[in-house]
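Worksheet: one structure, shown below.
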Amino acid sequence: MPIPQALEALSQFLGERLTRSKSELDQHGRSESYFPLTPPDAVAYPETTEEVRRIVGICAQENCPMIGWGAGTSLEGHGLAVHGGVVVDFTRMNKVLEIRPADMDVSVQPGVTRESLNEELRATGLFFPVDPGANASIGGMASTRASGTTSVRYGTMRDNVIGLQAVLADGRVIRTGTRARKSSAGYDLTGLFVGAEGTLGLVTELTLRLHGVPEATSAGICAFPDIHRAVTAVMEVIQMGIPMARIEFVDAATALAFNAYAGVSMAEAPHLLVEFHGSPESVAQDAERFGDIVADHGATPFQWSAREEERRALWALRHNGYYAILASRKGARAVVTDMCVPISRLARAVEETRADIEASLVPGPILGHVGDGNFHAILLVDPDQPAELEAAKRLSHRMAERALALGGTCTGEHGVGLGKLPFMRAEHGEGWDVMGEIKRALDPRNLMNPGKLVPPPG
Ligand SMILES: Cc1cc2nc3c(=O)[nH]c(=O)nc-3n(C[C@H](O)[C@H](O)[C@H](O)COP(=O)(O)OP(=O)(O)OC[C@H]3O[C@@H](n4cnc5c(N)ncnc54)[C@H](O)[C@@H]3O)c2cc1C
C-alpha cells in the first residue's frame with residue numbers, strides 16, 4: 001500500500017500533529033496485554049471533526065489503513081496496526097460539549113475520559129455510570145461496548161450512548177440517534193457503531209445518558225468458605241431483585257494479591273464486594289437483606305458502611321485489582337480473559353475455570369462483575385517462558401469454549417480485538433458473515449482498523 005504518499009499529505013496538512021517519532025509509534029503499538037509490539041506508520045492528532053474528515057479523505061485516496069485510538073487501555077490488541085497505517089489519536093478531542101441537566105444527557109468529544117467527564121458533571125448532581133476501572137476514553141468505551149462494576153444497575157455503553165457522529169471511510173459525516181429517549185425510526189445505527197471497534201468509521205462525537213447521583217450509598221464486603229457458595233449467593237441476590245449497584249467477586253488468590261499490594265488483611269477466601277444506591281433508609285435495608293441472604297450461604301458477617309471514605313477505599317482496592325494481581329508475580333505479563341454466561345451457569349463456569357487453572361502451569365487469580373455473569377482470570381506468565389504463554393492461551397481458549405457451551409459469550413466487555421477473533425465463528429455462525437457484509441458495505445476497501453472483528457476478506 002502506498003502509505004508514504006498518505007503520510008506526506010497528512011504531514012503537510014497536520015504539521016507537527018502528525019508524528020513518526022519512535023517513542024510515540026511504540027506507545028501506540030503496545031497493548032496492555034500480551035500482544036507483541038506492533039507500531040503504526042504514524043500517529044495523527046486531529047482537533048475537530050472536519051480534520052478527521054480530511055484525514056480520512058487523504059488515507060482513503062492513498063489506501064492507507066486508519067485506526068482510532070482513545071486511551072489505549074483495551075486488552076485484546078484492538079488498536080494495533082496489524083496492516084500498518086495511521087493511528088488517529090483522539091486525545092486532543094477531549095471537550096465536554098454540552099451538559100443538559102433537564103434532559104439528563106451530555107454531548108462529548110470522543111477523547112474525554114470517563115473520570116474527567118464525571119469531574120465536569122460534579123456540580124450538576126448527575127454522573128456517567130459506566131466504569132471499566134481504567135480511565136478509558138468515551139470514544140474507546142463506546143467502540144468496545146465497555147461495561148464494568150456498575151453495569152448490573154446502570155447498563156453498559158450500549159444502554160448509555162444515545163447518539164453519535166461518525167466519519168465513514170468514504171468521508172461522509174453521519175449522525176445517528178436523536179436526543180429523544182426512544183425512537184422507532186429505522187435501523188439502530190448507534191447500536192451498530194457501539195462495539196464496532198473502529199471498523200466501520202471514526203466516532204467524533206457522542207451523546208450520553210446521565211444518571212442522578214444517589215442520595216445515599218452503602219458498600220460492604222464479606223467472605224465465603226468456597227467459590228460455589230459465593231457465586232450461588234450472587235444468583236439468589238439477583239433473582240430476589242435486591243437492587244445491587246455493584247456486586248463484585250474476587251477469589252482467594254485475588255484476596256492475597258490485595259493484601260500484598262494494598263496492605264489490607266483479607267482472609268484467604270473468596271469475597272463479594274457490593275454497593276447499594278438509594279435513600280439512607282433503603283441502602284440500610286438493602287444491606288441488611290443482603291447480609292441475611294449471604295449468611296445462609298455460609299458468609300462471614302456482612303460488614304458495610306455508608307461512609308464515603310470507607311466506600312472509596314473498598315473500590316480503590318477493586319479498581320487496582322488488575323495491578324495487584326500483576327504485582328503478585330514479579331516480572332509477569334498478563335493474559336486477561338473475559339467470559340460471560342447466564343447467571344444460572346455462573347457457579348459452574350467459575351468453578352470449572354478455577355479447576356482448569358489449578359491443573360495448569362500458570363497462576364490465574366479470578367475476579368469479576370458477577371452480577372452480570374461476567375468474570376476474568378488474569379493469567380500471569382513469565383515473558384521468558386514461551387511454554388507459559390502457550391499454556392495461558394490454551395486456558396483462555398478453553399474459557400471461551402466453556403462460555404459458549406454454557407450459552408454465554410467469549411467476551412462480556414473487553415471486545416474482540418485480535419484475541420477473540422478465533423471464537424467469532426463459533427459464537428455467531430453465519431451472523432459473523434453478515435457482520436462482514438455490513439463492513440464491506442461501509443468500508444469496501446477495508447481501511448478502517450483492518451484485521452479486526454469481521455472475517456478476513458476473501
Ligand atoms: C486495569 C484495566 C481494567 C479494565 N477493566 C475493564 C472493565 O471492567 N470493563 C471493560 O469493559 N473494560 C475494561 N478494561 C478494558 C478497557 O479499559 C476498555 O476496553 C475501554 O473501553 C477501552 O477504552 P480506550 O479509550 O482505552 O480505547 P482504546 O484502547 O484506545 O481503543 C479501543 C478500540 O476502540 C477503537 N476506538 C477508540 N476510539 C475510537 C473512536 N473515536 N472512533 C472509532 N474507534 C475508536 C480503537 O481503534 C480500538 O479498536 C480494562 C482495562 C484495564 C487496563
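The values are calculated or read from the model by the stated rules, or taken from the named source; none is laboratory data. Computed from a prediction, not measured in an experiment: that's the story for all the values here. Cβ atoms come from the backbone with ideal geometry, glycine included; neighbour counts cover every protein chain shown. Side chains are part of the model used for accessible areas, which takes the heavy atoms of the whole protein and leaves out ligands, DNA and RNA. Shrake-Rupley method; radii C 1.70, N 1.55, O 1.52, S 1.80 Å.
The table for this structure:
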item	result
Flag if ALA219 is under 24 Å from the mean Cα position of the chain (by Cα), of a type in the set (A, V, I, L, M), crowded, with 22+ Cβ neighbours inside 10 Å and not in a strand (DSSP E or B)	no
Tally, over the stretch 111-148, of residues that are open to solvent by less than 10 Å² (accessible area, probe 1.4 Å) and part of a strand (DSSP E or B)	1
Cβ-Cβ under 9 Å pairs, at least 6 apart or on other chains, the stretch 284-295 side without any contact (Cβ under 8 Å) to a residue 12 or more places away in the chain, far side of a type outside the set (Gly, Ala, Ser)	GLN285/PHE276; GLU288/PHE302; GLU288/TRP304; ASP292/PHE302; ALA295/CYS222; ALA295/PRO301; ALA295/PHE302
Cβ pairs under 6 Å, 6+ apart, first in the stretch 74-93 and over 14 Å from ASP26 (Cα atoms), second among the hydroxyl-bearing types (Ser, Thr, Tyr)	SER74/THR144; LEU75/SER33; ARG92/TYR45
Among (1) over 15 Å from ALA9 (Cα atoms); (2) open to solvent by less than 20 Å² (accessible area, probe 1.4 Å); (3) not β-branched (Val, Ile, Thr) - the single one CYS64 does not satisfy	(1)
Selected residue [touching a Gly at 6+ places or on another chain (Cβ under 6 Å) and assigned to a strand (DSSP E or B)] from LEU208, LEU202	LEU202
Residues satisfying the stated conditions in the stretch 138-161, i.e. within 11 Å of the ligand (Cβ to nearest atom) and either aliphatic (A, V, I, L, M) or touching a Pro at 6+ places or on another chain (Cβ under 6 Å) (or both)	ILE138, GLY139, MET141, ALA142, ALA146, GLY148, THR150, MET157
Residues of the stretch 118-134 that turn out to be more than 15 Å from the ligand (Cβ to nearest atom) and among the small types (Gly, Ala, Ser), as a count	2
Filter result for the condition that a residue is part of a loop (DSSP other than H, G, I, E, B), hydrophobic (A, V, I, L, M, F, W, C) and at pLDDT 95 or above, over ALA81, ALA6, ALA60	ALA81
Hits in the stretch 388-413 - residues which are more than 15 Å from LEU75 (Cβ to Cβ) and either in contact with a Leu (Cβ under 7 Å, 6 or more places away or on another chain) or among the small types (Gly, Ala, Ser) (or both)	GLU388, ALA391, LEU395, ALA403, ALA405, GLY407, GLY408
